[in-house]
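The values are calculated or read from the model by the stated rules, or taken from the named source; none is laboratory data. Note that the coordinates shown come from a computational prediction; the quantities given were computed from them, not determined experimentally. Positions of Cβ are backbone-derived with ideal geometry, glycine not excepted, and every protein chain shown enters the neighbour counts. Each accessible area value is taken on the protein alone, full model and side chains, heavy atoms only, with ligands, DNA and RNA left out. Shrake-Rupley method; radii C 1.70, N 1.55, O 1.52, S 1.80 Å.
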Amino acid sequence: MKTHLLALDQGTSSSRAIVFDREGRLVAMAQREFAQHYPQPGWVEHEPEEIWQTQLATAREALAKAGLQAADIASIGITNQRETTVLWHRKTGQPLHRAIVWQDRRTEPFCAELRASQEAGDIRARTGLVIDPYFSGTKLRWLLDHVPGARAQAEAGELAFGTIDTWLLWRLTGGRVHATDVSNASRTMLFNLEAGDWDDTLLKQLNIPRSLLPAVHPSCHRFGETDAALLGASLPIDGIAGDQQAALFGQACFEAGLVKNTYGTGCFMLMHTGAQARRSAQGLLGTRAAQVGPQAQFALEGAVFIGGAVVQWLRDGLHAVRSSSEVEALAGSVPDSGGVMFVPAFTGLGAPYWDAEARGAIVGLTRGSTTAHIARAAVEAIAFQSAALLQAMSVEGGPVAELRVDGGASVNNTLMQFQADLTGVPVVRPRVTETTALGAAYLAGLGAGVWGSLPELAAHWQVERRFEPQMPRSEAAKRMADWEHAVRQARAR
């Protein structure tokens with residue numbers, strides 16, 4: 001029996017491919033970065049063809065590193081940067097424009113119009129999302145309105161829209177399959193969260209032809225087979241999920257109440273809410289979790305826009321360090337931040353605040369403050385923002401027993417201990433921290449019969465380290481009050 005899985009992990013700055021074995025162990029990995037394009041302030045674009053070529057190259061390289069042939073692979077799973085929007089010709093496969101990346105803010109004027117309209121509450125109720133340029137719907141509307149001839153071609157049924165998973169699936173199958181999964185569809189602002197289908201009312205409000213849209217399937221599904229010429233044999237594609245839902249699945253958060261937080265450029269926290277969609281009054285988003293079988297699964301999500309990116313600012317903006325790896329040692333050289341609070345609202349604040357006008361602030365400086373105190377405050381800001389999210393989730397979804405963590409900054413022991421102290425909840429780091437790719441591999445493996453059930457997958461999840469809260473709850477409450485005070489100052493514009 002074939003027991004290896006190939007996960008394609010298409011991210012915002014690089015494409016990766018990882019081979020996993022039946023025990024969920026990483027066998028080989030390949031990674032290639034690609035260009036970021038900033039044609040105007042606030043605009044971020046990628047070349048779809050470069051995404052495809054780097055992803056294909058990493059798949060071939062990972063197989064070679066693993067010493068495997070395509071025929072040894074049971075199935076492929078895809079996980080992807082969500083919301084990034086591609087529009088292409090169905091006959092030629094050629095994109096009409098660069099992909100508009102999830103970070104792009106060009107549609108804010110249109111979003112402001114939508115927020116002021118009578119339909120604003122209806123959009124939130126139908127999608128579970130706030131109206132924001134973050135999501136794909138307004139990006140697609142922009143392409144139709146600004147690319148010459150695009151709208152006429154769309155109305156004639158000649159064009160296809162997709163997020164990056166759909167684009168890769170199209171290319172992998174030689175243009176035979178135009179589809180996505182529920183987790184990616186739920187991030188478009190065009191998908192009815194509870195009905196589980198594209199919403200005709202939303203399509204009318206945004207003036208988007210339904211013929212553009214891909215078919216929507218569960219995350220574990222036989223989406224199609226690859227062209228044999230690409231990897232040496234035709235392989236099934238049995239799993240697709242957006243990166244954060246894939247990480248939730250890779251963390252074995254299969255039941256309501258389980259929570260994971262990914263510490264990357266930003267931070268993304270998801271709470272599984274089971275078969276029930278929740279409407280948040282705390283600034284959280286309702287979304288679809290990865291789905292196995294016919295029963296819909298839901299989650300609450302909160303996004304921190306600036307997480308690990310604050311470390312890059314310390315290096316490139318403040319020049320406080322020469323490399324990002326120095327930050328943990330610099331922050332650890334002082335016992336605390338000396339009263340300094342750092343709100344890294346460089347691009348506004350995400351959940352639970354949703355304030356696009358907020359700007360970064362460093363408060364509490366004295367003559368005794370040093371770069372070490374600022375570095376400590378910057379690292380702690382990642383934990384403060386995540387703690388605010390967890391507080392909101394606890395209100396919406398009930399008490400949280402533990403916080404499962406992954407992502408680059410999760411290796412910082414000082415940060416993880418401070419996170420546990422602030423939240424009063426144990427922070428648990430797994431042995432395999434490549435949980436996004438692992439989630440895609442799990443979905444593909446379930447579809448291909450490598451694994452038979454969710455409990456079987458859960459048994460593979462193993463703890464590397466558990467951080468128990470040590471700070472008195474009264475002190476943690478004071479620290480969080482200081483944080484909220486600093487946030488109010490960052491929002492005072």
### Query
Between a first residue in the range 475-490 that is under 21 Å from E357 (Cα atoms) and in contact (Cβ under 8 Å) with a residue 12 or more places away in the chain and a second residue that is among the β-branched types (V, I, T) and open to solvent by 60 Å² or more (accessible area, probe 1.4 Å), which pairs have beta carbons less than 6 Å apart while being 6 or more apart in sequence or on different chains?
none
### Query
Of the residues R105, R82, R115, R124, which is in a loop (DSSP other than H, G, I, E, B) and either farther than 27 Å from Q245 by Cα or open to solvent by 10 Å² or more (accessible area, probe 1.4 Å) (or both)?
R105
### Message
Anything in the range 1-13 that is under 19 Å from T85 (Cβ atoms) and surrounded by fewer than 18 Cβ atoms within 10 Å (Cβ to Cβ)? List them, or say none.
### Response
S13
### Task
Output the residue which, of all residues in the range 28-51 that are touching a Phe, Trp or Tyr at 6+ places or on another chain (Cβ under 9 Å), at pLDDT 95 or above and open to solvent by 30 Å² or more (accessible area, probe 1.4 Å), is farthest from G447 (Cα to Cα).
E47
### Query
E357 passes all but one of (1) over 24 Å from the mean Cα position of the chain (by Cα); (2) more than 21 Å from L314 (Cβ to Cβ); which number fails?
(1)
### Query
Does G339 fit the bill of being on the phi > 0 side of the Ramachandran plot and under 28 Å from the mean Cα position of the chain (by Cα)?
no
### Summary
Exactly one of A64, A57, A70, A99 is closer than 30 Å to W451 by Cα, small (G, A, S) and touching a helix residue (DSSP H, G or I) at 6+ places or on another chain (Cβ under 7 Å), and that residue is A70
#### Entry: Residues that are open to solvent by 30 Å² or more (accessible area, probe 1.4 Å) and either among the hydroxyl-bearing types (S, T, Y) or under 30 Å from G232 (Cα atoms) (or both), drawn from the range 127-174
R171, G174
### Residue list for the range 186-236, filter: surrounded by 18 or more Cβ atoms within 10 Å (Cβ to Cβ), closer than 30 Å to Q118 by Cβ and among the small types (G, A, S)
S186
#### Entry: Subset of the range 37-75 that is touching a Ser or Thr at 6+ places or on another chain (Cβ under 7 Å) and in contact (Cβ under 8 Å) with a residue 60 or more places away in the chain - its residue that is farthest from L172 (Cα to Cα)
A74
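Rundown of residues vs (1) within 20 Å of P344 (Cα to Cα); (2) in a strand (DSSP E or B); (3) out of contact with any strand residue (DSSP E or B) (no Cβ under 6 Å at 6 or more places or on another chain); (4) at pLDDT below 90, yes/no style:
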{"residue": "T273", "(1), (2), (3), (4)": "no, yes, no, no"}
{"residue": "A281", "(1), (2), (3), (4)": "no, no, yes, yes"}
{"residue": "T287", "(1), (2), (3), (4)": "no, yes, no, no"}
{"residue": "V310", "(1), (2), (3), (4)": "yes, no, yes, yes"}
### Task
Count, please, the residues in the range 84-100 that happen to be in contact (Cβ under 8 Å) with a residue 40 or more places away in the chain and touching an Asp or Glu at 6+ places or on another chain (Cβ under 9 Å).
10
### Summary
So, first residue on the phi > 0 side of the Ramachandran plot in the range 204-228, second residue in a strand (DSSP E or B) and surrounded by fewer than 18 Cβ atoms within 10 Å (Cβ to Cβ), Cβ within less than 9 Å, six or more apart or across chains; the pairs are G224/P236
